[in-house]
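Structure first, then comments.
The numbers here are math on the coordinates, done by the rules we state, and not lab data. In this text, all values refer to a predicted model and were calculated from it rather than measured experimentally. So basically every Cβ, Gly included, is an ideal-geometry build from the backbone, and we count neighbours across all protein chains shown.
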Amino acid sequence: MNANAPIANDATHTPATGVIIIGAGFAGLAMAMRLRAEGRTDFVILEAADSLGGTWLFNAYPGAACDVPSHLYSLSFALNPDWSRVYSGQAEILSYIQNVASSHGVISHIRFQAAVNRARFDESRGIWEVTTEDGRHFVAPVLVSGCGGLHRPALPNIPGLETFAGPCFHSARWPANAALAGKKVAVIGTGASAVQIVPAIVDEVETLDLFQRTPPWILPRPDRAYTPSERWVNRKVPGAARLRRLAVYWRNETIAVAFVRKPALMAIARAMAVKHIARQVKDPELRRIVTPNYTIGCKRILMSNDYYRALQRPGVRVHTAPISAIEPTGIRTQDGALHAVDALVLATGFQAADNAAPFPILGRGGVSLGDVWQDGAAAYRGTTVSGFPNLFLLVGPNTGLGHSSMIFIIESQVAYVVDALRKMRKQGLRWMDVRRSAQDTWNDEVQTKLANTVWASGCNSWYQNQNGRNTTLWPGFTFGFRWATRRVQLRDYEVA
Ligand code: NAP
């Protein structure tokens, strides 16, 4: 069967289609929009939630915003001249995604509340069979995973967590009715999410106990609202919004030099961050507590103008004693103290570094992707995996960034998938499966480059898996990734 041709209905069920996309976040939707641009309508998007938006749907905590400027953190074919700020908030980004999905005609392709629980490649028929938790069944020759890298909350493995008597939730599962006003609240974690949550809730809570394991490096956030005249120019002057985007893009690529080529240049960022602390934190003890002792950039550099100020508000306490247990009424630290709180916010990050999909994916011979990735996720050009024909992973292994917009990476991958589909159609192929040798060569190069980056400077971060292997980040410039994915080289694939 031609990989691009719709296939006949499976006996059990749902109409067959040409491409199954999993996830209706930026990645899955970008894939769908490009398929529409190719004139294709034979695809379905399976989304576990009851609405679209992915990360930007789930991360709706107070203060949620993106730390990549919006003119860059948007789709190249759907620029938004009307961004209200340099760094837009969650609601504005979510509404952008909804508008773009709607105007590109992909919403009718989404099957909501379709949580995939298994995907299996049937070698004899050359098709992917995908089932959902509620028993629906979809089949197509091509499967694209747009599940994202940061969608599975990492709950801390702290004894007694389940015994806590009050409200307790992860930052990415913030309840609409959280009602923290006037409460004694604890926040565990001081990563990108916590740094936004703490200033956003500090004025409404009675007390805020912040549990810091490792302080983050933080730079000032050069945020501001765009003036009406700037927005007018973006809208009316041809090329203005694109020029703004280009300026941000190249500024960020310049910063990448320090991350991936010359980590010594990170000293400049360190000096800025130290100055930021000196300016905003008056108390020498607090200064000491919030000053990290690892190389800046090794963990994600955060941006905030109000986090340090929030830590100095009345009623805020920063704890550095390790947590020993959670009890029904509060948090016990190893120094024996019990910190009584009414509500507990877990800003403890995501299960990222194994890159596994949240359900079994079975390839040729019934082999599971989870087993193949036991020692660490690896793919070819971050997108295809040997033994899993016609499976394309958006935001796959070693595609993440420390310095720029993931949407640029996603669009590069989507173009790669489209090129693969075109080639399969042109050559009448049923499937293509990347050769293990090509995949290994690619990953050897990626890992060699990673060894010289700031991320290998010795800290613990979610970029690495349990073996210390960095399976998440792209060790280069984003234009390097785009170049690498500009076209599919069929010689790197076994085809049928
Ligand atoms: P994160 O960066 O992984 O931070 C998790 C925090 O929880 C860390 O401070 C960690 O301490 C702490 N922690 C984890 N387990 C703990 C435990 N058992 N006991 C005590 N502390 C514990 O997670 P995140 O803040 O959700 O951010 C994840 C990623 O999402 C970011 O790196 C970024 O890529 C993205 N993000 C972006 C934005 C933005 O654009 N502004 C906002 C939010 C998230 P250690 O450091 O010691 O491990």
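Listed values, structure above:
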| read-out | value |
| --- | --- |
| Test item: Cα-centred dipole of the range 257-320, Lys/Arg +1 and Asp/Glu -1 on Cβ, debye | 120 debye |
| Spin-label proximity, TRP483 to the range 224-262 - amide N less than 17 Å from point 7 Å beyond Cα toward beta carbon | 250, 253-258, 260-262 |
| Ranking of VAL202, VAL100, VAL290 by count of other Cβ atoms within 10 Å, fewest first | VAL100, VAL290, VAL202 |
| Amide H contacts of LYS184 (H built 1.01 Å from N, under 5 Å, at least 5 apart or other chain) | GLU206, THR207, ASP342, ALA343 |
| Prolate/oblate/rounded call for the range 435-494, Cα gyration tensor, a/c under 1.5 rounded | prolate |
| Phi-based couplings in Hz for the range 313-328 (Karplus 6.51, -1.76, 1.60; Gly and Pro marked x) | 6, x, x, 9, 10, 9, 9, 10, 5, x, 6, 9, 6, 10, 10, x |
| Karplus-derived HN-Hα couplings along the range 361-375 (A = 6.51, B = -1.76, C = 1.60, θ = phi - 60°), whole Hz, x at Gly and Pro | 10, 10, x, 4, x, x, 6, 9, 4, x, 5, 4, 9, 3, 8 |
| Inter-probe distance in nm under a simple model that places probes 7 Å from Cα toward Cβ, at MET272 and THR329 | 4.7 nm |
| Fraction of beta bridges assigned by DSSP in the range 205-358 that are antiparallel (%, nearest 5) | 55 percent |
| Value of [θ]222 nm, deg cm²/dmol, for the chain, DSSP H segments ≥ 4, -39500 (n - 2.57) each, nearest 500 | -9000 deg cm²/dmol |
| Label zone at GLN113, where the point sits 7 Å out along the Cα-to-Cβ direction: the range 34-71 residues whose backbone N lies under 16 Å | 46-52 |
| Given charges at Cβ of Lys, Arg, Asp, Glu: the chain dipole, positive-most of GLN489, GLY126, LEU344 | GLN489 |
| Residues of type aspartates and glutamates that LYS426 reaches as a straight line, Cα spacing below 18 Å, ignoring anything fewer than 8 places off in the same chain | GLU38, ASP42, ASP492, GLU494 |
| Only Lys, Arg (+1) and Asp, Glu (-1) charged, at Cβ; the range 33-184 dipole about Cα centre in debye | 220 debye |
| Relative contact order for the chain, counting Cα pairs under 8 Å that sit 6 or more residues apart, in percent | 20 percent |
| Under the span-like rule (Cα at least 27 Å along the axis, Kyte-Doolittle mean at least -1.0), DSSP H helices of the chain | 240-260, 406-427 |
| Isolated Cys in the chain, by beta carbon distance under 4.7 Å | CYS66, CYS147, CYS168 |
| Selection from LEU286, PRO360, ALA256, by position along the positive dipole direction of the chain (Cβ) | ALA256 |
| Neighbour-count order for SER84, SER404, fewest beta carbons within 10 angstrom listed first | SER84, SER404 |
| Potential lengthening between ALA321 and ALA225 on full extension [0.36 nm per residue; Cα-Cα distance subtracted] | 30.7 nm |
| Stretch gain in nm, segment ARG242-ASP283, where the contour uses 0.36 nm per residue and the Cα spacing is subtracted | 10.3 nm |
| FRET efficiency estimate (nearest 0.05) - Cβ-Cβ, ALA496 to TYR294, R0 45 angstrom | 0.40 |
| All-pairs alpha carbon distance profile, the chain, 20 Å steps from 0, percent | 22, 54, 22, 1 |
| FRET E, pair PHE77, GLU162, Förster distance 56 Å, beta-carbon r, rounded to 0.05 | 0.75 |
| Contact order relative to length of the range 126-214, as percent, for alpha carbon pairs under 8 angstrom and 6 or more apart | 21 percent |
| Sequence of SER95, SER461 once ranked by neighbouring C-beta atoms within 10 Å, starting from the fewest | SER95, SER461 |
| Set LYS184/LYS282; LYS262/LYS299; LYS262/LYS449; LYS184/LYS299 screened for pairs whose C-alpha atoms are more than 22 Å apart | LYS184/LYS282; LYS184/LYS299 |
| DSSP-defined beta bridges in the chain - what % are antiparallel, rounded to 5 | 45 percent |
| Virtual spin-label span in nm between SER124 and GLU38, 7 Å along Cα→Cβ | 2.9 nm |
| Whether the range 110-231 is rounded, prolate or oblate, judged on the alpha carbon gyration tensor where a/c under 1.5 counts as rounded | prolate |
| Built amide H within the under 5 Å cut-off of SER324, gap 5+ | ARG332, THR333, GLN334 |
